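What follows is a short report on a single structure.
The values are calculated or read from the model by the stated rules, or taken from the named source; none is laboratory data. Just so it is clear, the model here is predicted, and its values are computed rather than measured. A quick note on method: Cβ atoms are made from the backbone with ideal geometry, for glycine too, and the neighbour counts reach across all protein chains shown.
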Amino acid sequence: MHVLVLGAGQLARMMSLAGAPLNIEISAYDVGSENIVHPLTQAVLGKGLSNAIAQADVITAEFEHIPHDVLDVCEQSGKFYPTADAIKAGGDRRIEKALLDAAKVNNAKHYIINTRHDFEQAIEFVGLPMVLKSALGGYDGKGQWRLKELSQVDAIWSEMEQCIQATDTQAIVAEEFVPFDREVSLVGARSSDGDVVVYPLAENVHINGVLSLSTAINETALQQQAKEMFTAVANELDYVGVLALEFFDVKGALSVNEIAPRVHNSGHWTQQGAETCQFENHLRAVCGMPLGSTEMIRPTTMVNILGEDTLPVEVLAMDSCHIHWYGKDKRPGRKMGHINVCGHDYPKLTDNLAELGRVLDKNAFPVFNG
């Protein structure tokens, strides 16, 4: 079985590692260069989308921001999973909001802004404070504004207007500010015949808008609520593959913040903490294989490595720590890899995480400050 992944980053890399034991061969299509590359070595294997499609039995994607013409060509081949519409929903907040409303899952009150008049209507409809996000392209805290009082309107509109006018297809989505207690996410998979499996919820910690820490948790009531919402969204999309939903937890009530139609950063803990990791389950789903168990086999936390290409040697000596490098060139803020930290129970996981925090540079890993 040969799977083509649209995108040649770390998620394609980890799919390749997970697919090898199942005899699934992975190649990656670099949307920017149009090269077909090996996801581990980055060696160029060929050129052009048509060649990549011809060589593949199945096509999938590792990120949302793929040109629509590329998605449409892949879908026309009959080999693409989940669907072009699902990927588009993950890459455009307008489509995403319409999807969540169609699936009847709880999400923040919202309004689409194209003009100054729309902005004024959004303020009236949504109310203050509000969060404003670019419909296209914004991620990891980028392309976002916070409107707390009316005195900020002119200054924020000036910046948003530039954003809207940068392309013919851009807009801003205004959302009510949700005073959440914490952020959690659910990663799961749906097969082509409609079977759904989900992993335990992960509690997430963000620093400067970027995920820094993700810990699998065991909370039955919240898990059931999240699974119902996940299933509603996955069924609405007739989804095939791994999907992630990010939630705000407000006193035990969940509200969907975003969806990610792909394997997800907050699911990396499954490599050491679950019976079947998210990367294998995505491949199982898109290749028509039975889905694997999502049972948590031990408490696990994922720590992102941002902008660093080395770690203290002491980390390698810690039995509880598992390092996953992405093979990238060092750049400030770039996701270079992650560390999965495990424990036989949650108190031991807490101890092991604290031990790791004592070894790591607090400037490079600010999540361990305090």
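Quick one: in the stretch 171-218, which of the residues that are among the acidic types (Asp, Glu) and under 30 Å from ILE123 (Cβ atoms) is nearest to the chain's Cα centre (by Cα)? If we take residues in the stretch 171-218 being among the acidic types (Asp, Glu) and under 30 Å from ILE123 (Cβ atoms), then GLU183 is nearest to the chain's Cα centre (by Cα). The residues of the stretch 93-137 that are among the small types (Gly, Ala, Ser) and either under 26 Å from ASN235 (Cα atoms) or in a strand (DSSP E or B) (or both), listed by number, are ALA98, ALA102, ALA103, ALA108, SER134, ALA135, GLY137.
The residue pairs whose first member lies in the stretch 225-245 and is part of a helix (DSSP H, G or I), whose second member is modelled with pLDDT of 95 or more and of a type in the set (Gly, Ala, Ser), and whose beta carbons are closer than 6 Å, counting only pairs six or more residues apart or on different chains, are PHE230/GLY188; ALA232/ALA103; VAL233/ALA103; GLU236/ALA102; GLU236/ALA103; LEU237/ALA86. If only residues of the stretch 257-280 that are crowded, with 23+ Cβ neighbours inside 10 Å and of a type in the set (D, E, K, R) are counted, the one that is farthest from ASP101 (Cα to Cα) is GLU280. Of all residues in the stretch 145-167, those satisfying the criterion of being of a type outside the set (A, V, I, L, M) and closer than 13 Å to SER134 by Cα are TRP145, ARG146, TRP157, GLU159, GLU161, GLN162, CYS163, GLN165, THR167.
Okay, residues lined up against (1) farther than 27 Å from GLU64 by Cα; (2) aliphatic (A, V, I, L, M); (3) surrounded by 18 or more Cβ atoms within 10 Å (Cβ to Cβ); (4) under 25 Å from the mean Cα position of the chain (by Cα):
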position: TYR111; (1), (2), (3), (4): no, no, yes, yes
position: GLY127; (1), (2), (3), (4): yes, no, no, no
position: SER134; (1), (2), (3), (4): no, no, yes, yes
position: TRP145; (1), (2), (3), (4): no, no, yes, yes
position: GLU149; (1), (2), (3), (4): yes, no, no, no
position: GLN152; (1), (2), (3), (4): yes, no, no, no
position: SER158; (1), (2), (3), (4): yes, no, no, no
position: ALA166; (1), (2), (3), (4): no, yes, no, no
position: THR169; (1), (2), (3), (4): no, no, no, yes
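As a summary of the residue check, PRO67 satisfies the conditions (1) touching a Leu at 6+ places or on another chain (Cβ under 9 Å); (2) surrounded by fewer than 22 Cβ atoms within 10 Å (Cβ to Cβ) except for the one numbered (1). Of all residues in the stretch 80-109, those that are free of Cβ contacts under 8 Å to residues at least 12 places away in the same chain have Cβ atoms under 6 Å from Cβ atoms of residues that are outside any strand (DSSP E or B), 6 or more apart or on another chain, in ILE95/LYS88; ILE95/ALA89.
Checking each residue in the stretch 46-60 for being surrounded by 17 or more Cβ atoms within 10 Å (Cβ to Cβ) and out of contact with any Leu (no Cβ under 6 Å at 6 or more places or on another chain) picks out LEU49, ILE53, VAL58, THR60.
Every residue, every condition in (1) closer than 30 Å to ASP118 by Cα; (2) assigned to a strand (DSSP E or B); (3) modelled with pLDDT of 95 or more, yes or no:
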residue	(1), (2), (3)
GLN152	yes, no, yes
VAL173	yes, yes, yes
VAL187	no, yes, yes
SER192	no, no, yes
PRO200	no, no, yes
THR215	no, yes, yes
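Within the stretch 284-299, residues that are outside the structural domain of THR60 (by TED's automatic domain parsing) and in a loop (DSSP other than H, G, I, E, B) have Cβ atoms under 7 Å from residues that are surrounded by 17 or more Cβ atoms within 10 Å (Cβ to Cβ) and among the aromatic types (Phe, Trp, Tyr) in these pairs: THR294/TYR199, counting only partners at least 6 apart in sequence or on another chain. Looking at the stretch 220-233, is at least one residue over 24 Å from ALA103 (Cβ atoms) and of a type outside the set (Val, Ile, Thr)? For the stretch 220-233, residues over 24 Å from ALA103 (Cβ atoms) and of a type outside the set (Val, Ile, Thr): absent. The set of residues from the stretch 230-254 being more than 18 Å from PRO82 (Cβ to Cβ) and surrounded by fewer than 20 Cβ atoms within 10 Å (Cβ to Cβ) comprises PHE248, VAL250, LYS251, GLY252, ALA253. Within the stretch 5-45, the set of residues being surrounded by fewer than 20 Cβ atoms within 10 Å (Cβ to Cβ) and part of a helix (DSSP H, G or I) comprises LEU17, ALA20, PRO21, LEU22.
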